[in-house]
């Protein structure tokens, strides 16, 4: 925020060090209500924000209901997770700077892959079955429940290879149309899949989408269930993906399911995102770059496996 205002109106929020001392640290660390209110008053004349849920913007948009779907790790996943955490803890002791950030980001990706399914992490061509991943098991159950109600759904993942696996898995387990849109999908196939999915005469089905390729620019209002199979660290990106279904033209209530594995970094970052979201809403939007700025001790706490949560879930 300081950088944006320094570019637009240099000096309006003081210098960077003064802004950090006066506003950033008290608000971010201590949730100081007085400083928050002061900063709000300063930036409010420069910010125009309109939400689709605001009265007068869209008067007939149905409700959106969000829920978190908690799943435990299987024993195989827990062993892989712990091994990955031990490996990165050793690496962090001897690196710094850009290399340290690279290791942190790659570790987050690897741990998210383990939370999804061992097959995705191992890349060994082993079976992609629900016995190895409770998250996949729960998704399959919820897809079956939605189809029983003739409801169509969107399933978002950030991993292209996982989308391939999910497409094949859902085709094998359900007698319904299954589409998959990713960055490599041609324009012709993209339009064909969207038209088929949006056709009211087409039976209820599943549309799997790459988060970045399918999260913007398309309308899929035939769906009234949205699954975020793996979480993105910026809630604005997830909300934008959800809005493929929750937008003008939607006539049904939209149910958003955010899948989280208990005891892992997914559960901890979900709470951090909630805190960041509350802070951003009180002032202005944020992004996901904060993840690589935390120190090593906090990063260890973030990625460590909570074995108690695993045991309680099983």
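A residue that is at pLDDT 95 or above and part of a helix (DSSP H, G or I) occurs nowhere in region 149-160. Considering the conditions (1) part of a helix (DSSP H, G or I); (2) free of Cβ contacts under 8 Å to residues at least 24 places away in the same chain, residue 175 is excluded by exactly one of them, (1).
For region 181-223, the set of residues classified as under 18 Å from the mean Cα position of the chain (by Cα) and crowded, with 17+ Cβ neighbours inside 10 Å consists of 181, 182, 207, 208, 209, 210, 211, 213, 214, 215, listed by residue number. Taking residue 268 as the residue in question, decide whether it is in the same structural domain as residue 158 (by TED's automatic domain parsing), surrounded by fewer than 19 Cβ atoms within 10 Å (Cβ to Cβ) and touching a helix residue (DSSP H, G or I) at 6+ places or on another chain (Cβ under 7 Å). Considered against the rule, which asks whether it is in the same structural domain as residue 158 (by TED's automatic domain parsing), surrounded by fewer than 19 Cβ atoms within 10 Å (Cβ to Cβ) and touching a helix residue (DSSP H, G or I) at 6+ places or on another chain (Cβ under 7 Å), residue 268 comes out as yes. Looking at residue 27, is it surrounded by 14 or more Cβ atoms within 10 Å (Cβ to Cβ), under 27 Å from the mean Cα position of the chain (by Cα) and outside the structural domain of residue 236 (by TED's automatic domain parsing)? For residue 27, the condition - surrounded by 14 or more Cβ atoms within 10 Å (Cβ to Cβ), under 27 Å from the mean Cα position of the chain (by Cα) and outside the structural domain of residue 236 (by TED's automatic domain parsing) - is met.
Residue 107 meets the conditions (1) surrounded by fewer than 17 Cβ atoms within 10 Å (Cβ to Cβ); (2) closer than 26 Å to residue 91 by Cα in every case but one. The failed one is (1).
The values are calculated or read from the model by the stated rules, or taken from the named source; none is laboratory data. This is a predicted model, so every value here is computed, not measured. Glycine also receives a Cβ, built like all others from the backbone with ideal geometry; neighbour counts cover every protein chain displayed.
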